[in-house]
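> Here you go, one structure.
Computed from the coordinates by the stated procedures, all read-outs in this text should not be read as laboratory data. Note that the structure is predicted; figures quoted are calculated from it, not measured. We place every Cβ from the backbone using ideal geometry, glycine too, and count neighbours over all the protein chains shown.
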Amino acid sequence: MTETLAAYSLVAIYSAIAIYALAFIAFVLDLSRRAAVAQTVTAQQPVAARAYQGSTLVAEKAPPATEATPVSGTTRYQRIGFALTALALVVHVASIVMRGIAAGHVPWSNLFEFACLGAGFMVAVFLAVQLWRDVRFIGAFVTGLVVLLLGLATVNFYVPVTPLPPPLQSIWLYIHVFVATLATGFFAVGGALSIAQLMQSRRESGKSAPGFLRSFPASERLETMANRLVIVGFALWTFTLMAGAIWAERAWGRYWGWDTKEVWTFIIWVVFAGYIHARATRGWRGNPSAWLAIIGFAAVLFNFTVVNLFFNGLHSYSGLK
Amino acid sequence: MQPRLGPAGWLRWGWRQLTSMRTALVLLLLLALAAIPGSLVPQRTSDPNGVLQFQQNDPETYDVLNRFGLFETFSSPWFSAIYILLFVSLIGCIVPRTKHHLDALRARPPRTPAHLERLAGFESAPSGTEPERAIAEAQKLLKASGYRTERYGTSVSAERGYLRETGNLVFHSALVGMLVTVGVFGGFGYTGQRVLVQGEPFTNVRASYDSFSPGRFFDETALEPYSMRLDDFQARYQFDLTTATWHSTDFTASLSTRTADGEWTPATLKVNSPVSVGGTDVYLLGNGYAPVITVRDPDGNAVFSGAVPFLPQDANLTSRGVVKVPDGLGEQLALYGFFYPDPLELADGTFTSFSPSDKGESLVSLFAYTGDLGLDDGVGVNAYTLDPTSLTQIAGGKSGTPALQLKEGETVQLPGGLGSVEYEGLRRYVSLDIHHDITATGALVFALLILGGLLVSLFVPRRRIWVKAVRGRLEYAGLARGEDPTLAAAVADLARRHRESLGE
Ligand code: HEM
């Protein structure tokens, strides 16, 4: 029974990867379509893209402008990509649930499981943000990253289900890892928006840039959206740090010991604190703060992969030998 | 001409630089960078063996890194310099802001601007209501939504979100509180390790610890007297068919503890659930087997007898141990070898352990050495290792005599009529970490303040809203103070509710 479920779980994750890959293709086609469409639109109407840039200081009766979708609206490819992503997430979640039932404990106890859950959260945050603001334009980035992560997880990190070793049997661990992985989802989407922001700001300063950017929101607006996501991620990460300390206190008798994993959790926290400061410091808004958000997310990825695999310490729970 | 700065001027200038947002940011980024080496190089505090290994493998690199304090990154001068500057900057930042905030809390919301058109969410609607009544109604609505309000003629000025700045100040102050708690009060604690064999007593005095690290301000009175012993130890394992390995699923140590003039009381110790006794917390870090071994001289007098903890070498608890007998026999004797809880003989005659569980068949296989054990030199000797280079092997290996193999209850004679060795029985042992830490509660309180302050400061919007009656029209507008993505919606919502309440 356990083996069968674990096998189904693996089949489901492979299927999810395939669907994400299709979604990625659709999103990429969408971007190339936008590049072409935006070219013709701006050729006729050079100011159209800029009109969107309004901040909250908007004249009477104009407020909808800030909420409007970018110039070219949605394309069929984008809708297909988005629908496929949602479908893939359903299969993805099913895989995680089956894995949990097969293992008889929470499905986030080794690197393979962290990666699957983390990728799931990235997509879930992406889809949830869509309810609030149109962010489908970063679909290619999110699905591309998720395909890579899940590919890496299934090919290189896969381990069969095992019982939880005694140090991992703690409610604080469940909370700690769950919230850390959720925070990763927010940092990922925030990071994606920050990358878009940097590219957009490059275009706005008159440098050459890919054509599809013309249909993206203005860099200032991308920055505001990225900021909302990053601060949610930061709040979650602060909690992660604390739950981790409580768990360490229960398991090893000290809440903080500068173990490798703790060092990286701290570094990430400080980088994002730096990001928040940068947003409030003259001369550091805009591009420099976007770079910090991206560096922070890169550190998160580094922490989840390289640190888990190659650095030793008390947290060596990758499940790989 | 620039005005010339005197020493006081320079000091003031330096202080302003240090407490500026930009300096805080640069110091934060430096702090993140400076922490990186602490994850690349083994640290003395968290991985002392890693440091020793590094030193052995590459002494030259070791010397260079050691000079820069890289094996103690987090107490190194450069790391300390960064965080001390950061915290000085932080205090220099909190104090004036707190003062400023207290003033702001007492101040009245500012005058309504003459022109609202250019402000956020501006709305203007014709109104038939008498201005006095319209504004009074607006003031009531704003008050009900938690705004502080002030009338200025036929307009009302409202502000909310002082809590945002309060949260920010609580957050930053709690960071300072956390640093002081951990940095200062942490120094009063101690931690120690002890391998405790079933039945052996432990009393909480310094000499009972195998290793002991006192904090900076430790003194002996912090060691509250108590006793503790290990009554029983249970481990549960599960066999994984796919990988053919045993996975541990549970470790439970049954302890008895007794505080000064008390009774023995039972306590259960598990990996994630420490036992609190006598102002300390006791943690279960490891476990293993301790065969009881007795060595006798040729006349049958015991010259050594005791439970000897063997250190686990693999997942099936094949364990390694040493017995040193410096006195009582014709020569100094050392026994070195392996313990197999569930022995399985391999084709080449050597043993392995089939599982980590003792099924009453356990086996001890020992090499015997004679010669000078070096115990008299006064050099600290690790009880778990043996350096056989200057010793003569008399049993096992190339000595020509087979290794001593004993099942529980068996006795074998040592070669050359030196005496005999008996494997009398089997006990379990646990390795314990024992901590006395008075900071945990304080750290938790500050952690909660940090988290609470952060949430308030990140997610409570701080904004101003104005409602103004001018020439038969009502005007509404807002002003964000800091990040406030929902301001326009809030103004629109207020305008709608206001006109509804006026019946327009
Ligand atoms: C120990 C190092 C520090 C850390 C970890 C830190 C962290 C943070 C965090 C997480 C925030 C956002 C949440 C909030 O507003 O409460 C923040 C905001 C802020 N910090 Fe710090 N901080 C530190 C030091 C400082 C220093 C030295 C200053 C003064 C120069 C400062 C001034 C500010 C200000 C003005 C804000 C508000 C920014 C805004 O309005 O968005 N912080 N800090």
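> Mind listing the long-range amide H neighbours of B:Tyr237? Cut-off is under 5 Å, sequence gap 5 or more, other chains count too, H placed in the peptide plane at 1.01 Å from N.
Sorted by chain and number, the residues that satisfy this are B:Thr249.
> If we count other beta carbons within 10 Å of each Cβ, what is the order of A:Trp256, A:Trp247, fewest first? Please list the in-between numbers first.
On the way: A:Trp256 16, A:Trp247 22.
Least crowded to most crowded, the residues run A:Trp256, A:Trp247.
> Quick query: amide H of B:Ser362 versus all other amide H atoms, modeled in the peptide plane; which residues come in under 5 Å with a sequence gap of 5 or more or a different chain?
B:Glu408
> Take B:Tyr289, A:Tyr8 and order them by how many other Cβ atoms sit within 10 Å, fewest up front.
On the way: B:Tyr289 27, A:Tyr8 16.
Ranking B:Tyr289, A:Tyr8 by Cβ neighbours within 10 Å, fewest first, gives A:Tyr8, B:Tyr289.
> Output the relative contact order of the range B:369-466, whole-number percent, from Cα pairs under 8 angstrom with separation of 6+ residues.
14
> Can you tell me the order of B:234-241, A:259-266, A:93-100 when each peptide is scored by its average per-residue count of other Cβ atoms within 10 angstrom, highest first? Before the final figure, lay out the partial values.
Working: B:234-241: 13.2, A:259-266: 23.0, A:93-100: 19.4.
Final packing ranking: A:259-266, A:93-100, B:234-241.
> Across peptide B:411-420, what mean number of C-beta atoms from other chains lies inside 10 Å of a residue's C-beta?
Working: counts 0, 0, 0, 0, 0, 0, 0, 0, 0, 0.
Across the residues of B:411-420, the mean count of other-chain Cβ atoms within 10 Å is 0.
> Sticking with this structure for a sec: If I require 24 Å or longer along the helix axis, counting alpha carbons, and a Kyte-Doolittle average no lower than 0.0, what helices from chain B are left? Use full DSSP H segments.
Values: long enough: B:77-106 (44 Å, 0.87); B:162-183 (32 Å, 0.87); B:440-459 (28 Å, 2.39).
Correct list, ordered by number: B:77-106, B:162-183, B:440-459.
> Is there a simple number for the mean count of other chain Cβ atoms within 10 Å of the Cβ of residues in B:28-41, and what is it?
Details: counts 10, 9, 2, 6, 13, 3, 2, 7, 4, 1, 8, 13, 3, 0.
The mean count of partner-chain Cβ atoms within 10 Å per residue comes to 6.
> Hey, what number do you get for chain B at 222 nm if only DSSP H runs of n ≥ 4 count, each worth -39500 (n - 2.57), divided across all residues, to the nearest 500? Write out the running numbers ahead of the final one.
Numbers: 10 runs with 151 residues, N = 504.
It comes out at -10000 deg cm²/dmol, rounded to the nearest 500.
> State the answer as a single residue: which of B:Gly360, B:Gly306, B:Pro266 lies farthest towards the positive end of the charge dipole of the range B:254-378, with beta carbon charges of +1 for Lys and Arg and -1 for Asp and Glu, about the Cα centre.
B:Pro266
> Would you give the gap between the C-alpha center of the range B:66-102 and the C-alpha center of the range B:181-219, rounded to a whole Å?
The range B:66-102 and the range B:181-219 have Cα centres separated by 30 Å.
> Relative contact order for chain B using alpha-carbon pairs under 8 Å, separation at least 6, rounded to a whole percent? Numbers along the way, then the final one.
Values: 929 pairs, mean separation 92.4, N = 504.
Relative contact order here is 18 percent.
> Go through A:124-132, A:15-23 and give me the packing order, highest mean Cβ count within 10 Å leading.
Numbers: A:124-132: 16.7, A:15-23: 21.7.
Listed from highest to lowest mean packing, they are A:15-23, A:124-132.
> Please state the relative contact order of the range B:131-200 as a whole percent: Cα pairs under 8 Å, 6+ residues apart? The partial results should precede the final answer.
Numbers: 28 pairs, mean separation 12.2, N = 70.
Across the range B:131-200, relative contact order equals 17 percent.
> Shape call for the range B:171-322 from the C-alpha gyration tensor, a ≥ b ≥ c root eigenvalues: rounded (a/c under 1.5), prolate (a/b greater than b/c) or oblate? Display every interim value, and only then the final one.
Values: a/c = 2.13, a/b = 1.39, b/c = 1.54.
Cα axes put the range B:171-322 in the oblate bin.
> Sticking with this one: Please report the spacing between the Cα centers of the range A:147-172 and the range B:342-368 in Å, no decimals.
32
> Determine, for each peptide in A:166-172, B:199-205, the mean count of other beta carbons within 10 angstrom over its residues, then list the peptides with the highest first. All intermediate terms of the calculation are to be shown ahead of the outcome.
Values: A:166-172: 18.6, B:199-205: 15.4.
Those peptides, ordered most packed to least, come out A:166-172, B:199-205.
> Spelling out what I want: for every residue of the range A:289-301, take phi, set θ = phi - 60°, compute 6.51 cos²θ - 1.76 cosθ + 1.60 (Karplus), and round to whole Hz; glycine and proline get x.
5, 4, 4, 5, 4, 6, 4, x, 5, 4, 5, 4, 4
> Using a 10 Å cut-off around each Cβ of peptide B:476-486, what is the average number of partner chain Cβ atoms that fall inside?
On the way: counts 0, 0, 1, 1, 2, 0, 2, 7, 1, 8, 0.
Taking the mean over all residues of the peptide, I get 2.
> Under a point-charge model restricted to the Cβ atoms of Lys and Arg (+1) and Asp and Glu (-1), what is the dipole moment magnitude of the protein assembly as shown relative to its Cα centre, in debye to the nearest 20? Walk me through the numbers before you get to the answer.
On the way: 66 positive and 64 negative charges, 1298 e Å.
Charge dipole of the protein assembly as shown: 6240 debye, to the nearest 20.
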